[in-house]
Amino acid sequence: MKKVIQILAIIFFLGNASFAQNNDADKEYTNIDDALKNPEKVYKLNLSNQEINITNEQWELFINLEYLNLKNDRLKQIPKEISYLKNLKILDLSGNDFIALPDEFSNLINLEELYLNDEKNLKLPETLKLLAKLPNLKSLHLENDNLDKLPSEIEKLKSLENLYLNDNNFKTIPNLKPLDHLKFLDLRKNDIKPELLDQRNLNFGFKIML
């Protein structure tokens, strides 16, 4: 009987530990001061539409961070210390004022989805060269970036599966055949000629949204 009680106690403890971890993973922090109280428990950090002030050392504390939103924070530069976030999977840098990503960005080896929307000043060829070093990048958002074509460097993103180009100035469907992992292309709200709309049903090897 004693052994049964011990086993049940262990199961109860493990169950509570798992539940607590799931709660931590689901909680989204929107205040940096709150997040810094227990940074190791922060999995989602949304600092969008804020004037953020984080020291180099503080970035390094978020060892389990998987989602980071810095949208519309008027950033002239992306802090290179973001490269400390080894578990980061989703990053939103949309609506800022930077022109390039730091070289250290290539250390985000687990990054799967990146938002670079509303970035009119972004040096895209250099950016794509850097993103090509991210082995797990599957989704890239380049929406409302005033684009009418893609630089050839896009072909270096060999792991890319989803590309969002909506709300730009494309007049034709860009040639993306070298991206053999691509599954989905979003070209809504572009200047695609009406006679090309039927091409959405052709076999490009991926789904096209027009």
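Let me confirm something: among L116, L130, L160, which residue is under 23 Å from N46 (Cα atoms) and without any contact (Cβ under 8 Å) to a residue 40 or more places away in the chain? Give the derivation first.
Working: L130 fails: under 23 Å from N46 (Cα atoms); L160 fails: under 23 Å from N46 (Cα atoms).
L116 is the lone residue from the list that is under 23 Å from N46 (Cα atoms) and without any contact (Cβ under 8 Å) to a residue 40 or more places away in the chain.
Every listed requirement among (1) of a type in the set (F, W, Y); (2) closer than 16 Å to H141 by Cβ; (3) open to solvent by 10 Å² or more (accessible area, probe 1.4 Å) is met by F98 save one, (3). Considering every residue within the stretch 186-204, establish whether at least one is open to solvent by less than 40 Å² (accessible area, probe 1.4 Å) and closer than 24 Å to Y67 by Cβ. Yes, because at least one residue in the stretch 186-204 is open to solvent by less than 40 Å² (accessible area, probe 1.4 Å) and closer than 24 Å to Y67 by Cβ. Among the residues of the stretch 111-166 satisfying the criterion of being part of a strand (DSSP E or B) and among the hydrophobic types (A, V, I, L, M, F, W, C), which is surrounded by the fewest Cβ atoms within 10 Å (Cβ to Cβ)? Result: L140. For the stretch 38-61, filtered to residues that are β-branched (V, I, T) and surrounded by 15 or more Cβ atoms within 10 Å (Cβ to Cβ), the residue that is nearest to the chain's Cα centre (by Cα) is V42. Of the set (1) open to solvent by 40 Å² or more (accessible area, probe 1.4 Å); (2) assigned to a helix (DSSP H, G or I); (3) hydrophobic (A, V, I, L, M, F, W, C), all apply to I82 but (1).
The values are calculated or read from the model by the stated rules, or taken from the named source; none is laboratory data. Because the structure is a prediction, the values reported are computed rather than measured. For neighbour counting, all protein chains shown are included, and Cβ atoms are generated from backbone atoms with ideal geometry for every residue, glycine included. These accessible areas exclude ligands, DNA and RNA; they are computed on the full protein's heavy atoms, side chains included. Shrake-Rupley method; radii C 1.70, N 1.55, O 1.52, S 1.80 Å.
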